[in-house]
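Notes for the one structure printed next.
Values in this text are rule-based calculations from the coordinates and carry no lab data. Quantities reported herein were computed from a predicted structural model and do not represent experimental measurements. Reconstructed Cβ throughout: ideal geometry from the backbone, glycine too, with neighbour counts over all protein chains shown.
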Amino acid sequence: MRPRPGEVLHFSEDPTITLFRPHIAATARHPEAVVWAVDAAQAPDYWFPRQCPRAMAWTTPTTAASDTERIIGPGGGRRVHAIEYSWVERFLNVELFAYRLPAGPFRPIGEPVPHAHVATDPVEPLGPAEPVGDLLRLHRDAGIQLRVLDNLWGFWDAVTTSTLGFGGIRLRNALPRPGAHAPDA
């Protein structure tokens, strides 16, 4: 599921939204009230249950072949997404929807490469929410490896110290780092 020309997408588990109002997300690093959406390049980052922690890596023009081999693997395409085993059932069974929004009110955000698009005024969807469908099939059809791990942190550490492009979403929901001590109650 990707936007058509002139569109951006908003992914949600709620199929009843009729107007997107600007807000400041509880986890936002962006201080302005906005409506969030993504373009075609970022859409695969959201082919997950909303709260699912995920780490993603992809090749860029400056990626070293050794990093591609080490992290993505031989014959594995140009992109890999990783989740934890504890999220597999939810990933396979979530009802995820995409809202098509007009791209006009949105501007890209993020440096050096935009990671999202934001609008400061309310935005009406171009139509009703569309079921996204089988998330595993979306990944396969897009040539994106989906890796399932006991814990994301080893993968994350390898990716963030490599020459690959990378992104992480909802990592606060990941299991603790191995060896990390839980805070005293």
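Estimated at 0.36 nm per residue, the fully extended path between R107 and D157 surpasses their Cα-Cα distance by 14.9 nm. Annotation for T120 and L19: the two label points, set 7 Å from Cα along the Cα-Cβ direction, are 2.0 nm apart.
Taking every DSSP beta bridge that has both ends in the chain, the antiparallel portion is near 80%. Note on D150, D67: ascending count of other Cβ atoms within 10 Å places them as D150, D67, the fewest first. The charge dipole of the chain, taken about the Cα centre with unit charges on the Cβ atoms of Lys, Arg (+1) and Asp, Glu (-1), comes to about 240 debye, rounded to the nearest 20.
Counted residue by residue at 0.36 nm each, then reduced by the alpha carbon distance between them, the extension gain from A64 to Q145 reaches 27.3 nm. A simple spin-label model places the labels of R172 and H30 1.7 nm from each other, with each point 7 Å out along Cα-to-Cβ.
Over the Cα atoms of the chain, the radius of gyration divided by the Kirkwood radius equals 0.97; this is the Rg/Rh ratio.
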